1. I'd like the distance separating the alpha-carbon centroids of the stretch 84-106 and the stretch 149-195, in whole Å.
2. Over the stretch 21-64, with every protein chain in place, what whole percent of the accessible area is carbon and sulfur at 1.4 Å, could you tell me?
3. Where in the stretch 92-187 are there trypsin sites (Lys or Arg not before Pro) that are in a DSSP coil and have at most 12 other Cβ atoms within 10 angstrom of their Cβ?
4. Looking at the square roots a ≥ b ≥ c of the eigenvalues of the Cα gyration tensor of the stretch 46-136, which shape do they give, rounded for a/c under 1.5, prolate if a/b is larger than b/c, or oblate?
5. With every atom except the alpha carbons ignored, what do you get for Rg and Dmax of the stretch 76-186, in angstroms?
Amino acid sequence: PRPPPRPDPPLHSGNPFTPGRACPTDRFYGRQREIDTLCGGLQNMQSISLVGEARIGKSSLFAYLQEHVPRLLAPYGRYLVITLSMDRLSSPADFCRALLERLLPHVPAGAGEERQLRILETELERGQAPRLDETARVILRAAPDGLRIVRLLDEFRDITRHVDRFDSTFCGWLRSLYSRQKVALVIATRQPLLEIEELALYFLNGLSDTCTLGPLLATDAES
């Protein structure tokens, strides 16, 4: 007789993390302490610094948060989580375009100056560069409807490669939004902000907490 077929391998076998890319969210596990810390801050629209060395899992954690924060924090409001990787953006216009493309579909009809919103959508479709002030206006229009905007900013130090574009005006604009809790930021860097001179001036004192991402706990790594 033929031997019985082998059973399928168990789910989540092996290391779920692949260096250089975010792991699929259905294979993500562990990091519960960090998730609790970040969600605790986002519950109150506080902004947080996330620090972890290269290939430690920051992008994987961001992918998990983008998918699950709206459910985890549903009792506290309607959350829209937007991840932007700063190594792919080279100017404030790129930043605003990437943000607005994700945000505009969630701004409800009738949320003030409806005609201007539709004009802005058309301009984006035509490739026109959005400005900081009009991007801020869209963010402010979304707030009265109860939309809580969270931005996960990966590889944030990369804005220092374009200091002539991501200048003090941009940094001040970004800080003004999160310091007034119009948005909540999670800023991911490999080094503490205190060690990044170009960023510490604008972001160090305005963030409510620092979450350090270290190696997986032994119990998680062995799961």
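The values are calculated or read from the model by the stated rules, or taken from the named source; none is laboratory data. Note that the coordinates shown come from a computational prediction; the quantities given were computed from them, not determined experimentally. Counting neighbours? That spans all protein chains shown, and the Cβs are built from the backbone with ideal geometry, glycine included. Protein only, heavy atoms only, side chains kept; ligands, DNA and RNA dropped before computing areas. Shrake-Rupley method; radii C 1.70, N 1.55, O 1.52, S 1.80 Å.
1. With the stretch 84-106 and the stretch 149-195 each reduced to a Cα centre, they are spaced 13 Å.
2. Answer for the stretch 21-64: carbon and sulfur cover 40 percent of the accessible area.
3. Arg126, Arg180
4. oblate
5. Rg and Dmax of the stretch 76-186, Cα atoms, are 13.6, 40 Å.
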